[in-house]
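Note sheet for the following structure.
Since every read-out is calculated from the coordinates, none of them should be taken as a lab result. If you're wondering where the values come from, they're calculated on a predicted model, not measured in any experiment. Note: ideal-geometry Cβ built from the backbone for every residue, glycine included; neighbour counts use all protein chains shown.
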Amino acid sequence: MHDRVTAQLTNLAQGNESYAAFNQRIVNTKMPVIGVRVPDLRRLARELAPDMSAADISKLLTAQNKSFDYVLLCGLLITHARLDDQTAIDLTKQYLPHVDSWAHIDIFVEKKRRFAGEIWWDFALECLQNEAEFTVRYGIISLMTNFLDEAHIDQVFAALRNVKHDGYYVKMALAWLYATAAVHFFELTLAELENGHIDAWTRNKAYQKMRESRRFTPEEQEIILKYKQVI
């Protein structure tokens with residue numbers, strides 16, 4: 001199965017050499033990048049997933065000589081295969097140690113009703129306390145994607161106060177989440193950012209992301225600018 005999947009990826013990468021070189025820099029991975037475009041990876045995952053068992057995906061993850069594209073495909077198979085939640089979470093726990101790029105997380109996490117369930121909430125919180133940078137990022141991106149709503153916003157902020165990891169990709173994810181939360185919870189998010197427990201770099205990066213967004217009114221942008229200048 002590994003050989004068949006690798007052959008399909010190689011075929012999809014044909015003629016994409018310049019894209020592969022560009023993507024290698026963007027995703028900042030130590031793995032080889034063969035150049036399969038994300039829409040093609042998603043399409044392949046949807047084609048393969050109906051016939052994939054948990055054991056099949058687990059076996060693919062244990063293969064040697066993996067490319068960036070191959071690992072991401074394994075993640076997308078977890079998302080699209082017909083698996084119960086606990087099995088999907090168990091496979092995600094197997095997937096996360098293989099990733100070495102923000103893209104392995106951000107493309108993997110999808111907004112779906114099933115991922116907004118309590119079992120996924122508990123798993124996201126568990127990931128926040130992990131020692132691995134990209135596992136913590138997974139927890140943050142999961143909360144941002146599926147739990148930034150009225151029912152969870154206070155709990156999300158409370159959970160993030162306990163994140164101790166100082167990795168760059170963790171702090172960037174936190175800034176992204178706060179900037180996203182501010183769109184619908186503006187005053188609440190600004191109060192959270194000014195609470196004193198968020199480091200200056202992450203806070204300023206969150207304000208920068210808000211300044212770059214077109215989702216805020218001119219009045220809100222004035223307020224954001226005032227806070228950003230204070231730092």
Subject >> First in region 85-103 and of a type in the set (D, E, K, R), second anywhere and surrounded by fewer than 19 Cβ atoms within 10 Å (Cβ to Cβ) and not in a helix (DSSP H, G or I), Cβ under 7 Å, 6 or more apart >> reply: ASP85/GLY117; ASP100/LYS30
Original post:
Taking region 49-65 on its own, how many of its residues are under 22 Å from GLU110 (Cβ atoms), in contact (Cβ under 8 Å) with a residue 24 or more places away in the chain and assigned to a helix (DSSP H, G or I)?
Top reply: 8
**OP:** Please verify whether region 69-82 includes one or more residues that are polar (S, T, N, Q), touching a residue at least 12 places away in the same chain (Cβ under 8 Å) and closer than 18 Å to PHE134 by Cα.
**Re:** yes
**OP:** Run down GLU110, GLU133, GLU187, GLU194 and say which single residue is over 30 Å from GLU220 (Cα atoms) and among the acidic types (Asp, Glu).
**Re:** GLU133
Original post:
LEU174 fails exactly one of the following numbered conditions: (1) of a type in the set (A, V, I, L, M, F, W, C); (2) more than 17 Å from TYR227 (Cα to Cα); (3) out of contact with any helix residue (DSSP H, G or I) (no Cβ under 9 Å at 6 or more places or on another chain). What is the number of that condition?
Top reply: (3)
Original post:
Considering region 17-48 alone, what residues qualify as being in a helix (DSSP H, G or I) and either in contact with a strand residue (DSSP E or B) (Cβ under 7 Å, 6 or more places away or on another chain) or surrounded by 15 or more Cβ atoms within 10 Å (Cβ to Cβ) (or both)?
Top reply: TYR19, ALA20, ASN23, GLN24, VAL27, ASP40, LEU41, ARG42, LEU44, ALA45, LEU48
